[in-house]
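A short write-up of the structure that comes next.
The values are calculated or read from the model by the stated rules, or taken from the named source; none is laboratory data. Remember, predicted model here, so these are calculated numbers, not experimental data. In this analysis, Cβ positions are derived from the backbone assuming ideal geometry, glycine residues included, and neighbour counts consider all displayed protein chains. To get the accessible areas, we keep the full protein, side chains included, count just its heavy atoms, and leave off ligands, DNA and RNA. Shrake-Rupley method; radii C 1.70, N 1.55, O 1.52, S 1.80 Å.
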Protein chains: 2
Amino acid sequence: MITLIKEPNHVQEQPTMRLASWTGVMKRSLLREMLAVASRPGILSFAGGLPAPELFPAKDYAEAMAYVLENDARALQYGPPFIRLKEHIVELMARRGVACTKDQVFVTTGAQQALNIVARLLLNPGGQVIHEQLVYSGLQQAIAPYRPEILAVPTDLSLGMEVADVETHLANGSQPAFIYAISEAHNPLGVNLIHERRQWLIKLAIRYGVPIVEDDPYGFLHYDEEPIRPLRSMDDNWVFYVGSFSKLLAPALRLGWMVVPETLIPQLTVIKEALDLESSALIQRSVAAYLDTGRLSSHLQRLRSEYRLRRDVMFTALEQHFPDSARWTKPSAGMFIWVELPAHIDTVELLWTAVDKAGVAFVPGIAFCAGGSPVNGRPVSTAASSLRLNFTNSTPEQIEEGIGRLGELLDHYS
Amino acid sequence: MITLIKEPNHVQEQPTMRLASWTGVMKRSLLREMLAVASRPGILSFAGGLPAPELFPAKDYAEAMAYVLENDARALQYGPPFIRLKEHIVELMARRGVACTKDQVFVTTGAQQALNIVARLLLNPGGQVIHEQLVYSGLQQAIAPYRPEILAVPTDLSLGMEVADVETHLANGSQPAFIYAISEAHNPLGVNLIHERRQWLIKLAIRYGVPIVEDDPYGFLHYDEEPIRPLRSMDDNWVFYVGSFSKLLAPALRLGWMVVPETLIPQLTVIKEALDLESSALIQRSVAAYLDTGRLSSHLQRLRSEYRLRRDVMFTALEQHFPDSARWTKPSAGMFIWVELPAHIDTVELLWTAVDKAGVAFVPGIAFCAGGSPVNGRPVSTAASSLRLNFTNSTPEQIEEGIGRLGELLDHYS
């Protein structure tokens, strides 16, 4: 029998590609993987941070888009940021209680890009960042390539970020590149930062010369009393406000904005240009044309009223079906409820069981855990036994059904 | 008389914001500033890298967009990369002579973002990059935050990048993160890298284990014989091919792609997600719908025939109006002609005079100059007395008129 040998002497060993060092500690996106599981057909999913597609102003936006493509010769070409859009953003900011000018508005390709731009402007490799122990995973991803030292601070589920811990870090001589805050409808916790803490945070920012990045994707989605004013309304020099059309209109627009310290616009422009040259003129002009119609207000009314209903249905279902030992936040805005279960329940394990046995999905709390050390000897959070529920992307019927099934499953855990 | 004094004792000195160190060496975008000058009304501009807006397939694309907005429920929502678009990109790559699968295709928010993604994957702070002395300024901007060591290599205006100098760097022990190449219709030089040098470059990449980033925004805009095959067609493991719809369809789509070593897709996905979550589903789906109509071929025919005409008109006008001492490249593809003037002419000064006196604009050569040291004792380029002319964004009449006026101006310099 003849065995073919593949000329081993001639096989040159192929060198391996050298990747940048930080990729060695690159985390897979746990959140994305869980979302992939959650999007299996037939699953009732409270996992994603998705708005309700049936509420998109698709018809009105299609009209605006058609108008722009037919009448605006510059809609498909390269071009500078669209002034009319900036003017609309100034009006939007006024609704949020923030006075600004169009020269302080900086258009971005979604809020996620805004986080990247600010990180590139402020953060050195190995530099420090202050953010909460439980925080939007996209912020963690945006700063990961810098291999930053995270100064993590806890969050009070009623009052918001523990600003006292921020002060401790700063008083101890830390020089963070920035403090990251989601002052309204925190993701994943659903809590608002109370007014007194906002004032305190602003004072710290000014005293220690540390900018604040205020991420506000949900500020327009409020369901009870009018929300209190953003950090940006309290100071123009130290706050980078980040806004987004993703939840206001639709995620696929990939359009966001910042309101920034005006003197930094030239640097921000260079950074933005390096990242993607510019944000789509077509999207900027079609969104401006939609806003020109004045239909945003009624659209927002509709969004709020429908999301309020869904939130309330979820509250009721949680009361009815979840064990007494569970507690959850009562967000007045945004898209998420944070649920803490008894400490012995591992919500990652629970997820797989929930998907398999109950056809229900959520995001386990650990998906939002920052590295970062605890401060002042306080224990790290109870994230491992917590979960995040989205209430905007399911119908009231689906919410009742899904929370019911989850509750039934939890009966076996108590 | 009472003078009001503004309580100087109470004025606390405001701390200055600390920016990331690299911003200290941040270059303003000279190119952008010059383009701003060039876009003054009434200026005949050969400056920008703009396609001809009158050739955009605006009507056909508007139909595709309207169709998608009316019929595709996922067009406005978050979503994974659109498979149908990837399939179209596989077909496009086949037209360029590259065999690939949709699993090797990676959708990006324009080619500029692709350069960022690759830099983030491969480049360490302070790492080395090999690129030409004269090179697309967007590449320089994408890597600037890493404060890289540039190993610059010269370019032969007929044969393309001096691969011998690449080899010298590698043989001397340099370990660059990647080699950047614009193999077809180089920006700004308009030269193609000849086949033998492509093969040589690929051999070096494999032997030394250094990836190549092949930037190919103009590969579909060829005007003479069929172009030779891209680097990517010669190797799947070491070439990151970067493509763009900006010149193929329209820049405002902000849609591009990469064809990559397939094993790196998970890392690229995490990096992309960190940068902007995802590229617009609306744009991906509307472009795919446009490509579904099969109208791209005739659109490309039309683009090529019109751009060929404009290029030829510019060739003729240069022959007729420019001094004998000038020489220029004869690109068979792309959007730019590179003109070298006698060494005593400073083309930055010339630009201001040309704008003021002749109402004509171009980009001075130094806008494309990389830092980087010369290799093998060769002199740095003649960029200071060179200029880049765009021939795609002016009508034949404007080209004749503008080149005529420039030539007249140059008569005063000889």
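Taken over segment B:115-132, the criterion of being farther than 25 Å from residue B:383 by Cα and open to solvent by less than 30 Å² (accessible area, probe 1.4 Å) is satisfied by B:116, B:117, B:118, B:119, B:120, B:121, B:122, B:123, B:127. Residues in segment B:246-280 that are more than 8 Å from chain A (Cβ to nearest Cβ), over 20 Å from residue A:78 (Cα atoms) and not in a helix (DSSP H, G or I): B:258, B:259, B:260.
In summary, residue A:350 fulfils each of the numbered conditions (1) under 26 Å from residue A:193 (Cα atoms); (2) surrounded by fewer than 22 Cβ atoms within 10 Å (Cβ to Cβ); (3) hydrophobic (A, V, I, L, M, F, W, C); (4) in contact with a helix residue (DSSP H, G or I) (Cβ under 8 Å, 6 or more places away or on another chain) with the single exception of condition (1).
One residue stands out in segment A:223-237 among those that are open to solvent by 10 Å² or more (accessible area, probe 1.4 Å) and away from every other protein chain (no Cβ under 14 Å): the one that is nearest to residue A:206 (Cα to Cα), namely A:234.
The set of residues from segment B:132-161 being under 15 Å from residue A:274 (Cβ atoms) and either assigned to a strand (DSSP E or B) or within 11 Å of chain A (Cβ to nearest Cβ) (or both) comprises B:137, B:138, B:139, B:140, B:141, B:142, B:143, B:144, B:145, B:146, B:147. For the structure I just gave you, tell me whether residue A:61 is within 12 Å of another protein chain (Cβ to nearest Cβ), open to solvent by 20 Å² or more (accessible area, probe 1.4 Å) and farther than 30 Å from residue A:149 by Cβ. It is false that residue A:61 is within 12 Å of another protein chain (Cβ to nearest Cβ), open to solvent by 20 Å² or more (accessible area, probe 1.4 Å) and farther than 30 Å from residue A:149 by Cβ. Listed by first and then second residue, the pairs linking a residue in segment B:107-122 that is among the acidic types (Asp, Glu) to a residue that is open to solvent by less than 10 Å² (accessible area, probe 1.4 Å), with Cβ atoms under 9 Å apart and 6 or more places separating them unless they lie on different chains, form an empty list.
Determine, yes or no, whether residue A:50 is part of a loop (DSSP other than H, G, I, E, B), under 17 Å from the mean Cα position of the chain (by Cα) and within 10 Å of chain B (Cβ to nearest Cβ).
On the way: part of a loop (DSSP other than H, G, I, E, B): yes; under 17 Å from the mean Cα position of the chain (by Cα): yes; within 10 Å of chain B (Cβ to nearest Cβ): yes.
Yes: the conditions hold for residue A:50.
Can you work out which of the residues in segment A:317-347 that are of a type in the set (Asp, Glu) and within 13 Å of residue A:386 (Cα to Cα) is most open to solvent (accessible area, probe 1.4 Å)? Per the criteria, the residue is A:346.
With the condition kept exactly as written, say whether any residue in segment B:152-159 is surrounded by 17 or more Cβ atoms within 10 Å (Cβ to Cβ), closer than 23 Å to residue B:97 by Cα and modelled with pLDDT of 95 or more. Within segment B:152-159 (the criterion being surrounded by 17 or more Cβ atoms within 10 Å (Cβ to Cβ), closer than 23 Å to residue B:97 by Cα and modelled with pLDDT of 95 or more), the answer is no, since none of the residues qualifies. When you scan segment A:193-212, do you find a residue that is buried (at least 24 other Cβ atoms within 10 Å of the Cβ), within 23 Å of residue B:278 (Cα to Cα) and touching a residue at least 12 places away in the same chain (Cβ under 8 Å), even just one? Within segment A:193-212, not a single residue is buried (at least 24 other Cβ atoms within 10 Å of the Cβ), within 23 Å of residue B:278 (Cα to Cα) and touching a residue at least 12 places away in the same chain (Cβ under 8 Å). Of the residues in segment A:238-245, at least one is crowded, with 23+ Cβ neighbours inside 10 Å and at the interface with chain B (Cβ under 9 Å from one of its Cβ atoms).
Is it the case that some residue within segment A:133-150 is surrounded by fewer than 22 Cβ atoms within 10 Å (Cβ to Cβ), of a type in the set (Lys, Arg) and within 28 Å of residue A:194 (Cβ to Cβ)? No, segment A:133-150 contains no residue that is surrounded by fewer than 22 Cβ atoms within 10 Å (Cβ to Cβ), of a type in the set (Lys, Arg) and within 28 Å of residue A:194 (Cβ to Cβ). Applying the condition of being in a loop (DSSP other than H, G, I, E, B) and more than 8 Å from chain A (Cβ to nearest Cβ) to segment B:68-89 and asking which residue is surrounded by the fewest Cβ atoms within 10 Å (Cβ to Cβ) yields B:80. Could you go through segment A:345-362 and let me know if any residue there is within 18 Å of residue A:411 (Cα to Cα), part of a strand (DSSP E or B) and among the charged types (D, E, K, R). Scanning segment A:345-362, I find no residue that is within 18 Å of residue A:411 (Cα to Cα), part of a strand (DSSP E or B) and among the charged types (D, E, K, R), so the answer is no.
Among residues of segment A:302-357 being in contact (Cβ under 8 Å) with a residue 40 or more places away in the chain and of a type in the set (Asp, Glu), the one that is nearest to residue A:405 (Cα to Cα) is A:340. Within segment A:160-176, the set of residues being in contact (Cβ under 8 Å) with a residue 12 or more places away in the chain and either open to solvent by less than 10 Å² (accessible area, probe 1.4 Å) or at positive phi (or both) comprises A:160, A:161, A:163, A:165, A:166, A:170, A:176.
Candidates in segment A:31-47 are the residues that are aliphatic (A, V, I, L, M) and assigned to a loop (DSSP other than H, G, I, E, B); of these, the one that is farthest from the chain's Cα centre (by Cα) is A:43. Taken over segment A:95-131, the criterion of being more than 22 Å from residue A:285 (Cβ to Cβ), assigned to a loop (DSSP other than H, G, I, E, B) and of a type in the set (S, T, N, Q) is satisfied by A:124 alone.
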